[in-house]
Amino acid sequence: MLNFFGNHGSTSEREEAARESRKSSGWAQLQKHLATNEGLRILDIGPTSAININYITSLGHSIYMANLVDEAAKPEYMVAGEDSEAKHFDVERFVKSNLDFAGRMFDVVTFWDTADYLPAPLLAPVIDRIHEVMLPGGVLLGFFHSKVNAGEVRFSRYHLTPTDAIDIQRTGAHPILHVYNNRQIEKLLHAFSGYRFFLAKDNLSEVLATR
């Protein structure tokens, strides 16, 4: 379910679990953007974070959240094929159910590493839909794994902080389905007018893409 937040929330007990801090050049740049602009509308992709809600609203912005990875794992989106065809993912219904924002447009999208966990049929339609609901000049922050051990599970909730670091809290049990090199990331974000890569030492590429 998608919920729109414009006021402060309270930190849930689940968010008291252990978190690790990770420096993020992409977040540091995006944070400057949030600090120098007023009344932005942010779309935060991933498990709900009361910390993010509180932080974004404290800056005078509003936040909308969509947990695409957990939703994509639900069996209800797998439909039977015609005749002897195998089951397939109902992409149209997924996009309509999870990315319909009732006409709202966004200035900022924190996409995190969502693309690493989505079934392949969803990748292009989800990115294209997010591009559609962003305002011209809007910014998307994305993380992309460039390497991962077989079967490794890293699905996480990302918490914003007022520093140049983000807090990472492992959650769920979704395996990483994709890894990317820079060319593949550029292809995935082809509809955006530009992007800036930030090097990282932990096999996690960071990208700021501009609508």
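The values are calculated or read from the model by the stated rules, or taken from the named source; none is laboratory data. Values in this document were obtained by computation on a predicted structure and should not be read as measured data. For neighbour counting, all protein chains shown are included, and Cβ atoms are generated from backbone atoms with ideal geometry for every residue, glycine included. Surface areas here come from the heavy atoms of the whole protein model, side chains and all, with no ligands, DNA or RNA. Shrake-Rupley method; radii C 1.70, N 1.55, O 1.52, S 1.80 Å.
Against the conditions (1) open to solvent by less than 40 Å² (accessible area, probe 1.4 Å); (2) assigned to a helix (DSSP H, G or I); (3) within 17 Å of Tyr158 (Cβ to Cβ), Val95 satisfies every one except (3).
If you check His8 against the conditions, is it modelled with pLDDT of 95 or more and either among the basic types (Lys, Arg) or open to solvent by 40 Å² or more (accessible area, probe 1.4 Å) (or both)? So His8 fails the test.
Can you work out which of the residues in region 99-114 that are of a type in the set (Asp, Glu) and open to solvent by 10 Å² or more (accessible area, probe 1.4 Å) is farthest from Ala173 (Cα to Cα)? Let's see the steps before the verdict.
Kept after step one, since they are of a type in the set (Asp, Glu), are these residues of region 99-114: 100, 107, 113.
Keeping just the survivors that are open to solvent by 10 Å² or more (accessible area, probe 1.4 Å) gives 100, 107.
Details: Asp100: 26, Asp107: 31 Å.
Per the stated criteria, the residue is Asp107.
Regarding Tyr195, is this residue part of a strand (DSSP E or B), closer than 27 Å to Gly60 by Cα, in contact with a strand residue (DSSP E or B) (Cβ under 8 Å, 6 or more places away or on another chain) and open to solvent by 60 Å² or more (accessible area, probe 1.4 Å)? Judged against the criteria, Tyr195 is a match.
Screening Leu123, Leu30 for residues that are assigned to a helix (DSSP H, G or I), under 19 Å from Ile176 (Cα atoms) and not hydroxyl-bearing (Ser, Thr, Tyr) leaves exactly one candidate, Leu123. Among the residues making up region 156-172, those that are among the aliphatic types (A, V, I, L, M) and outside any loop (DSSP other than H, G, I, E, B) are Ala165, Ile166, Ile168. Restricted to region 155-176, and to residues there that are of a type in the set (A, V, I, L, M) and over 15 Å from the mean Cα position of the chain (by Cα), the residue that is nearest to Gln31 (Cα to Cα) is Ala165.
Quick one: in region 82-92, of everything that is surrounded by 10 or more Cβ atoms within 10 Å (Cβ to Cβ) and more than 18 Å from Ile130 (Cβ to Cβ), which residue is modelled with the highest pLDDT? The residue in question is Asp90. The residues on offer are Leu140, Leu160, Leu123, Leu189, and the sole one that is over 30 Å from Gly39 (Cβ atoms) and touching a helix residue (DSSP H, G or I) at 6+ places or on another chain (Cβ under 8 Å) is Leu123. Sub-8 Å Cβ pairs linking a first residue in region 75-91 that is over 19 Å from Leu123 (Cβ atoms) to a second residue that is of a type in the set (D, E, K, R), at least 6 apart or interchain, are Ala80/Lys87; Gly81/Lys87, ordered by first then second residue. The C-beta contact set for region 168-194 (first residue within 13 Å of Phe144 (Cα to Cα), second residue open to solvent by 80 Å² or more (accessible area, probe 1.4 Å) and at pLDDT 90 or above, distance under 6 angstrom, 6+ apart or interchain) comprises Leu189/Tyr195.
Condition check ((1) buried (at least 19 other Cβ atoms within 10 Å of the Cβ); (2) within 23 Å of His61 (Cβ to Cβ); (3) acidic (Asp, Glu)) across all residues:
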site	(1), (2), (3)
Asp116	yes, no, yes
Pro119	no, no, no
Asp128	no, no, yes
Glu132	no, yes, yes
Gly138	yes, yes, no
Ala165	no, yes, no
